[in-house]
1. If a residue has to be open to solvent by 70 Å² or more (accessible area, probe 1.4 Å) and among the hydrophobic types (A, V, I, L, M, F, W, C) to count, how many in the stretch 312-346 make the cut?
2. Please enumerate the residues belonging to the stretch 201-219 that are surrounded by fewer than 17 Cβ atoms within 10 Å (Cβ to Cβ) and at pLDDT below 95.
3. Quick one: is Phe279 on the phi > 0 side of the Ramachandran plot, in contact (Cβ under 8 Å) with a residue 12 or more places away in the chain and either surrounded by 13 or more Cβ atoms within 10 Å (Cβ to Cβ) or in a loop (DSSP other than H, G, I, E, B) (or both)?
4. From Val242, Val309, grab the single residue that is β-branched (Val, Ile, Thr), open to solvent by less than 60 Å² (accessible area, probe 1.4 Å), assigned to a helix (DSSP H, G or I) and touching a residue at least 12 places away in the same chain (Cβ under 8 Å).
5. Out of the residues in the stretch 297-348 that are among the aliphatic types (A, V, I, L, M) and in contact with a Phe, Trp or Tyr (Cβ under 6 Å, 6 or more places away or on another chain), state the one that is farthest from Ile208 (Cα to Cα).
6. Only residues that are exposed (fewer than 13 other Cβ atoms within 10 Å of the Cβ) and either at positive phi or in contact (Cβ under 8 Å) with a residue 60 or more places away in the chain (or both): list them for the stretch 34-47, please.
7. Take the stretch 256-276 and flag every residue that is of a type in the set (S, T, N, Q) and either on the phi > 0 side of the Ramachandran plot or open to solvent by less than 80 Å² (accessible area, probe 1.4 Å) (or both).
8. What pairs come out if I take residues in the stretch 4-33 that are closer than 30 Å to Tyr331 by Cα and of a type in the set (A, V, I, L, M) and pair them with residues that are open to solvent by 100 Å² or more (accessible area, probe 1.4 Å) and part of a helix (DSSP H, G or I) whose C-beta lies under 9 Å away, six or more apart or interchain?
Amino acid sequence: MINGAKEHGRELSMQELKELSVELIFAAFFTTASASTSLILLLLKEPRVISRLKQELVSFGLSQDQDHLQPAVTPMGCKKQPTDCHKEDQISANSGGTVTQPAGSQRHMCSHKDCTVSDASGNTDRSHFSSHSVKPKLAEDGCTCNGTQKVTSKDQEQESISQKKMYKLCTNGHLNQSYLKNVTQGCSCQPQVTLDTLKQLPYLDCIIKEVLRILPPVSGGYRTVLQTFELDGYQIPKDWSVMYSIRDTHETAAAFQNPEVFDPDRFGPERAEEKVGRFNYIPFGGGVRSCIGKELAQIILKSLAIELVNTAKWELASNAFPKMQTVPIVYPVDGLQLYFHSLKFPDA
């Protein structure tokens with residue numbers, strides 16, 4: 001905006017800069033909220049996409065749902081059940097035998113003498129972990145996980161065995177380096193999501209791009225004609241305002257195969273349809289006047305997607321999917337009414 005004012009031979013006053021900044025803040029809020037709503041809606045329609053995204057998050061150690069990573073642990077013949085365990089701490093045979101623990105607690109060895117544990121390979125072991133909430137035990141040789149938990153060397157030995165099994169059971173056959181470091185150190189902490197991590201999730205990136213292609217938050221943009229030119233036999237005079245349509249471009253560009261279908265793979269390396277020709281994919285506009293907040297918007301959307309698939313399932317609270325209004329931004333006409341169900345607390 002400052003450069004644009006200079007091109008027209010004037011300087012913006014401080015008051016004008018303040019007003020423009022406020023407008024930018026509100027524009028960023030509404031457009032990001034629009035894209036977030038579209039993300040939730042389109043993922044709801046595509047459970048297969050959610051499943052693939054979960055697999056990718058698991059392979060990078062970013063999924064909070066580790067059911068298909070941890071060894072199946074099923075207590076056999078244990079009649080003494082702990083009474084002070086939380087719902088999410090119970091051992092589940094049907095879900096792959098995941099044993100989880102609440103923040104601030106520490107797993108300890110089960111003291112039941114008549115309790116036998118069978119893992120996924122059929123081996124039995126009495127030394128299974130229970131997840132009673134106990135006060136963390138400080139140990140000089142322990143591993144600190146974000147300052148919230150201490151794991152003793154004995155626990156590390158047991159965890160090391162479990163982590164090796166987790167690695168073998170990983171659906172993609174590999175984990176990222178940060179997670180592998182935790183495995184080798186016997187620490188079960190999961191790495192935090194960082195900017196570098198977000199850049200290493202190719203399928204998540206494809207999902208966000210497809211959401212912005214199908215439902216771009218802004219329908220189009222305006223440009224001022226700098227000099228008279230001709231387009232398809234029509235003369236466009238200097239100083240006229242020209243509007244370009246983002247939505248129509250995404251729907252009609254020959255580069256996109258079956259444009260009406262939600263298909264994140266179109267942005268994968270094998271197809272890369274958005275790279276066929278210029279300005280076929282312009283959710284943030286194009287050229288030097290493209291949206292200055294596009295990187296932040298994509299970070300927010302990726303973070304939201306990770307949080308959603310890790311913590312919740314959701315379904316429509318209405319009888320049908322809502323109709324979408326596209327001007328001035330994309331949003332459901334009567335709102336998007338949903339039920340969210342916690343994955344951590346299934347009964348919630």
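The values are calculated or read from the model by the stated rules, or taken from the named source; none is laboratory data. These numbers come from a predicted model, not from an experiment. Note that we place each Cβ from the backbone using ideal geometry, even for glycine, and neighbour counts take in every protein chain shown. Protein only, heavy atoms only, side chains kept; ligands, DNA and RNA dropped before computing areas. Shrake-Rupley method; radii C 1.70, N 1.55, O 1.52, S 1.80 Å.
1. 5
2. Ser219
3. Values: on the phi > 0 side of the Ramachandran plot: yes; in contact (Cβ under 8 Å) with a residue 12 or more places away in the chain: yes; either surrounded by 13 or more Cβ atoms within 10 Å (Cβ to Cβ) or in a loop (DSSP other than H, G, I, E, B) (or both): yes.
So Phe279 passes the test.
4. Details: Val242 fails: assigned to a helix (DSSP H, G or I).
Exactly one of Val242, Val309 is β-branched (Val, Ile, Thr), open to solvent by less than 60 Å² (accessible area, probe 1.4 Å), assigned to a helix (DSSP H, G or I) and touching a residue at least 12 places away in the same chain (Cβ under 8 Å), namely Val309.
5. Initial filter on the stretch 297-348 (among the aliphatic types (A, V, I, L, M)): 297, 299-301, 304-306, 308-309, 312, 316-317, 320, 324, 327, 329-330, 333, 336, 338, 343, 348.
Keeping just the survivors that are in contact with a Phe, Trp or Tyr (Cβ under 6 Å, 6 or more places away or on another chain) gives 312, 317, 329, 338.
Details: Ala312: 19, Ala317: 24, Ile329: 17, Leu338: 21 Å.
Restricting to residues being among the aliphatic types (A, V, I, L, M) and in contact with a Phe, Trp or Tyr (Cβ under 6 Å, 6 or more places away or on another chain), the top hit is Ala317.
6. Here is the first cut: in the stretch 34-47, the ones exposed (fewer than 13 other Cβ atoms within 10 Å of the Cβ) are 45, 47.
The answer is Lys45, and nothing else.
7. Within the stretch 256-276, the first condition is being of a type in the set (S, T, N, Q), and the residues that meet it are 257-258.
Across the stretch 256-276, the qualifying residue is only Asn258.
8. Ala28/Leu296
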